[in-house]
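Here's the structure, in structure tokens; my notes come after.
The values are calculated or read from the model by the stated rules, or taken from the named source; none is laboratory data. A quick note: this is a predicted structure, and the numbers were derived from the prediction, not measured. Cβ atoms come from the backbone with ideal geometry, glycine included; neighbour counts cover every protein chain shown.
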There are 6 protein chains.
Amino acid sequence: MEDKKLSDLLEVFLTVQISKELPRQGFLYSGFKRNEADSVAAHSFSVALFSYLLAKELKASGWKIDPDKTLKIGLFHDLGETITGDIGTYAKDLARGVFDKVEKEAFELLTRNMTNKEEFVEYFDEYLKLNSIEAQVVKFADALDAFVQGFNTPSANLEDLRKTVGNRLKKKIKDALLAELFDKSVYLIGERKVTVYKGHIGSNQEKQSIL
Amino acid sequence: MEDKKLSDLLEVFLTVQISKELPRQGFLYSGFKRNEADSVAAHSFSVALFSYLLAKELKASGWKIDPDKTLKIGLFHDLGETITGDIGTYAKDLARGVFDKVEKEAFELLTRNMTNKEEFVEYFDEYLKLNSIEAQVVKFADALDAFVQGFNTPSANLEDLRKTVGNRLKKKIKDALLAELFDKSVYLIGERKVTVYKGHIGSNQEKQSIL
Amino acid sequence: MEDKKLSDLLEVFLTVQISKELPRQGFLYSGFKRNEADSVAAHSFSVALFSYLLAKELKASGWKIDPDKTLKIGLFHDLGETITGDIGTYAKDLARGVFDKVEKEAFELLTRNMTNKEEFVEYFDEYLKLNSIEAQVVKFADALDAFVQGFNTPSANLEDLRKTVGNRLKKKIKDALLAELFDKSVYLIGERKVTVYKGHIGSNQEKQSIL
Amino acid sequence: MEDKKLSDLLEVFLTVQISKELPRQGFLYSGFKRNEADSVAAHSFSVALFSYLLAKELKASGWKIDPDKTLKIGLFHDLGETITGDIGTYAKDLARGVFDKVEKEAFELLTRNMTNKEEFVEYFDEYLKLNSIEAQVVKFADALDAFVQGFNTPSANLEDLRKTVGNRLKKKIKDALLAELFDKSVYLIGERKVTVYKGHIGSNQEKQSIL
Amino acid sequence: MEDKKLSDLLEVFLTVQISKELPRQGFLYSGFKRNEADSVAAHSFSVALFSYLLAKELKASGWKIDPDKTLKIGLFHDLGETITGDIGTYAKDLARGVFDKVEKEAFELLTRNMTNKEEFVEYFDEYLKLNSIEAQVVKFADALDAFVQGFNTPSANLEDLRKTVGNRLKKKIKDALLAELFDKSVYLIGERKVTVYKGHIGSNQEKQSIL
Amino acid sequence: MEDKKLSDLLEVFLTVQISKELPRQGFLYSGFKRNEADSVAAHSFSVALFSYLLAKELKASGWKIDPDKTLKIGLFHDLGETITGDIGTYAKDLARGVFDKVEKEAFELLTRNMTNKEEFVEYFDEYLKLNSIEAQVVKFADALDAFVQGFNTPSANLEDLRKTVGNRLKKKIKDALLAELFDKSVYLIGERKVTVYKGHIGSNQEKQSIL
């Protein structure tokens, strides 16, 4: 690898560091304190991981889905924000049409010197369009992660969040089976029917406690 | 997908949320304030992304490497910590032999109900063993991310960090070319020879500023 | 005052609370940790206060300026952000033309039920246009506050900040004398020629210490 | 403006920066975590803004009140704390008589080199005495802001806060109509009868959600 | 005192500073945000103080107990963590046998150059063994402090905490009377039957409010 | 122990919890960000521990000193602040005479129902008077802890801190040998001649690194 290439790669790496500090601004509008909002980076990790695991299970149950592609869409889905910042829905709504362009342009700017930039932009674009099952799985993870973050934060307005998350998804997840899985997930978590592992409590009970 | 499977999947998802709050404890020992340390989740995102991009460039320059596998190793490389917590090097040294087992056991516990658990454990194990080029690229990203985090944090003891990062790597990256790339990366960043994109400063200058 | 009016007023009050938690996002792009960035509310206070004090001194030295109006422009200058969020310069640049409209629209939305909304919108508009000396004094305060915030934060890239602040101002403060005062202020603070009062250190030394 | 005057002005500006970091200490005693308490600066902004808007509405409904003066009292009302720090009610009670003097002295010290210092001290003094309607409107805003901050913070003891805020006000707001407006405000907010604008949720619903 | 001794002493002092930043990691696993967890140092202070006060009262009621020794055990009880970090129960369980050794070894390392190191290690060891009434009083304080920290933090799962604290204690406090006092304490606090002094609320009411 | 006594004891315990969240306000005036200041509880722990260890070494070198008493003075030395809050030097100076009384009164209030309250008040009083060698050792620890906290925090004005700490001590530590030890300690730490143990770096190097 040439020095110029390494340098280009490091530029992306350093630029992306901002995502560790950027709060997910939308949560502040739902009543979170600044330190209660997760970072864009932490959210992206959670989304990438869950998207991949869900895709693997769907594939194992016979769905036609590419888990590796799903993972890469999840990894990239919020990268534009490292350049544009996290822009609120209100501003986006008012400036609609302009914004999808802005986010994509930012992503292209970030990755402009990568040898495989066309492939990367394709993943990003697929998420903006939400036509493939892979992109919809990432949207599923994106929304569920927001819901869980709210569920774990007492200053959140949970009812508000549930509605927002629900409404947003209805428009976006066109696959009916996937939409149903999402509703089930919100129900299972919301009703505390899912157990959580807690490393600090001890290894002797397998399912140690409800969230 | 059966309900039981969904429930199992959500257990992993909820358990992993802790990684958003877990500080990378090692940084505290290097003099960071609690809020200056990044989270295990944010670090994992940065590592997964950089590992993948580096693997893609290496492959483009003719290296024999599997970028998708690299990405998955990066995604999983710190997942054991969501159950064991971030255990310091000192404690690990004293209890050596015991700890690799503990981390792997924790990872297996976390993923025990996933249909593809064997595949996942293989990725994790590969990182522990560091024999493949893919695993070594993730280790590269892991160390470089620690270095950059320190570089961006004034209360860090930079000299200390540089030495620690350097020493740790020497033992771990067996591929000579990769080790050389790592040294170059630390040099380029440390000497501020890499530019960073800053979305808040304006779009009219392409390379806006040195870190 | 009618109940409907009180209720409308409280809506503004509650909506504006978000400004206490919103970090000034631009600082994150200059390398600040999340908790090192001040809030939109704290910044607005600092700007309103300094704008007013500066206007009072300018008037006392014979300038033609309305301090009360200056104060009100300072008070309102970032209120649009309580609805749009803090949008980065990059995104603004890409979507230019769209954004001034968005900010003003947001301000109008926030104040739509206030009896004196026309007066308020005029203040806001005056700041967007920067034609009056009062608006330019607020812009002066806005930029100086950013500079001082950076000056007090070790993870800031000071050289970067100085340049950014300087460049931004040159385009905006058309009054030559005011621009000169700004440069002098940056010099005096940057070279640590201004003393600061420190309540915790004791009352016996009048000028206790350099910043 | 002479250089000496500019320098004096900047001293005030730099000294006041501390207010961005000072937590409203009283909230910690009500059970808030350190980062849940707002800063003295953010509180001052919220109070100045609401005081002004309320005064404007009162005047529009025929009250005899000077909104500009109200705004300036609001702007200055906590400035003494930038030098004395936020001193608790208990300590104030024990040292009563001494403390009003201390706060006023601190304010005078801070503004001692301002050309219009007498005018400024008058505003501050008016707030300490609470005889004018303008000062009482600021006290109203001061108490309501504390109530809302508590309302938005789950670790607050709300019942406690409501009582404290209520008791404090009864002694202080002598104007019966104003006191009634205050009670109504606490009721409307406490019973969640006021809507809030949330920029991140979307622009299509005018009244998007209850707090 | 020789220079070498002073230097050795300062090494301990500087090393222990980390405890001010180390979050009590276990709380993160109970759902706390990072800044809601107290520090190892703050916890240690609370435990040392309460252990001492409880021992003094027990002695005053006729128990055979050494309050000074109790205090010193409380002071030292978590000092090993300044070197090992806070290791979760899960990891400890898996590596049991190994860990008690690690903690004690870390404590010995920290104090290795102190003239009275044998005495100090004895205190530490006594806490690990929990055979004396003094050590059990410290364990009482350790568990009660965790319970109260949870009680004051809304994102805690209180039921979970109560159970965890209860279970942990049952195995550890062998003295039946002491165990009974502990249960009573959890009951009194949990049912809000204990008053708290709040310095910011005023000195005129002796028992100002329930927690 | 009677129920009433337990309840009284728990009141002290719950009241003292505030010290975990109270920032050492003085640091904010030295330019610290809010989260860079340690808590009153963490500081108290550090002071109590160091006071005790220093007293033990002094005694071992032949000084006439009671380490257990020193420890108890250290434990109690800032307890008044849990009721009065942390009051700045400026305010204290202006209200001098009044304040020592306030702090002592607050301590008496806090401990009023403890069986051994007279003994406790004696320790507290001894610290206010600074006549004994034990009290002066605690003052030593109190000042050194402030210096080290500043030393570890880049936004601190170190020169300022060194002077402040130095000046404050000169007036207070009357014992000449102790004063000399203090100066030596500041020198050793300030010139980075003391090593620190860092648990995350590894156990194989005994003196791992300079602060």
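Checking the condition on the phi < 0 side of the Ramachandran plot, among the aliphatic types (A, V, I, L, M) and at pLDDT below 95, which residue from D:I83, D:I73 passes? Answer to the check: D:I83. Residues considered: A:D142, A:D78, A:D66. Of these, the only one that is more than 7 Å from every other protein chain (Cβ to nearest Cβ), surrounded by fewer than 19 Cβ atoms within 10 Å (Cβ to Cβ) and modelled with pLDDT of 95 or more is A:D66. Among the residues of the stretch F:95-126, those that are farther than 16 Å from D:Y90 by Cβ, surrounded by 14 or more Cβ atoms within 10 Å (Cβ to Cβ), of a type outside the set (K, R) and free of Cβ contacts under 8 Å to residues at least 40 places away in the same chain comprise F:N116, F:V121, F:E122, F:D125. Among the residues making up the stretch D:22-45, those that are away from chain C (no Cβ under 13 Å), buried (at least 24 other Cβ atoms within 10 Å of the Cβ) and assigned to a helix (DSSP H, G or I) are D:Q25, D:L28, D:Y29.
Looking only at residues of the stretch F:126-135 that are closer than 29 Å to D:F99 by Cα and in a helix (DSSP H, G or I), we find that the one that is farthest from the other protein chains (Cβ to nearest Cβ) is F:K129.
Looking only at the stretch A:174-189, which residues are among the acidic types (D, E) and touching a helix residue (DSSP H, G or I) at 6+ places or on another chain (Cβ under 7 Å)?
Start the filter on the stretch A:174-189 by keeping residues that are among the acidic types (D, E), which leaves A:175, A:180, A:183.
Once the filter is applied, which keeps residues that are among the acidic types (D, E) and touching a helix residue (DSSP H, G or I) at 6+ places or on another chain (Cβ under 7 Å), the stretch A:174-189 yields only A:D175.
Selection of the stretch A:168-177 for residues being more than 10 Å from every other protein chain (Cβ to nearest Cβ) and part of a helix (DSSP H, G or I) yields A:L169, A:K170, A:K171, A:K172, A:A176. The set of residues in the stretch B:81-103 being within 14 Å of chain F (Cβ to nearest Cβ) and under 17 Å from the mean Cα position of the chain (by Cα) consists of B:E81, B:G85, B:D86, B:I87, B:G88, B:T89. Evaluation of A:A143 against the conditions (1) assigned to a helix (DSSP H, G or I); (2) in contact with a Ser or Thr (Cβ under 7 Å, 6 or more places away or on another chain) shows that the sole unmet condition is (2).
If you filter the stretch F:1-21 down to residues that are buried (at least 22 other Cβ atoms within 10 Å of the Cβ) and hydroxyl-bearing (S, T, Y), you find that the one that is nearest to the other protein chains (Cβ to nearest Cβ) is F:T15.
If you go through the stretch C:25-61 and keep only what is of a type outside the set (G, A, S), farther than 16 Å from C:A135 by Cα and touching a residue at least 24 places away in the same chain (Cβ under 8 Å), you end up with C:Q25, C:F27, C:Y29, C:F32, C:K33, C:E36, C:D38, C:V40, C:H43.
C:K56 satisfies every condition listed in (1) under 30 Å from D:V194 (Cβ atoms); (2) facing chain D (nearest Cβ under 7 Å); (3) of a type in the set (K, R) except (1). When B:A106 is tested against (1) small (G, A, S); (2) within 23 Å of B:D183 (Cβ to Cβ); (3) modelled with pLDDT of 80 or more, exactly one condition is not met: (2). Kindly indicate whether any position in the stretch A:104-125 is of a type in the set (S, T, Y), within 14 Å of chain D (Cβ to nearest Cβ) and out of contact with any strand residue (DSSP E or B) (no Cβ under 8 Å at 6 or more places or on another chain). Within the stretch A:104-125 (the criterion being of a type in the set (S, T, Y), within 14 Å of chain D (Cβ to nearest Cβ) and out of contact with any strand residue (DSSP E or B) (no Cβ under 8 Å at 6 or more places or on another chain)), the answer is no, since none of the residues qualifies.
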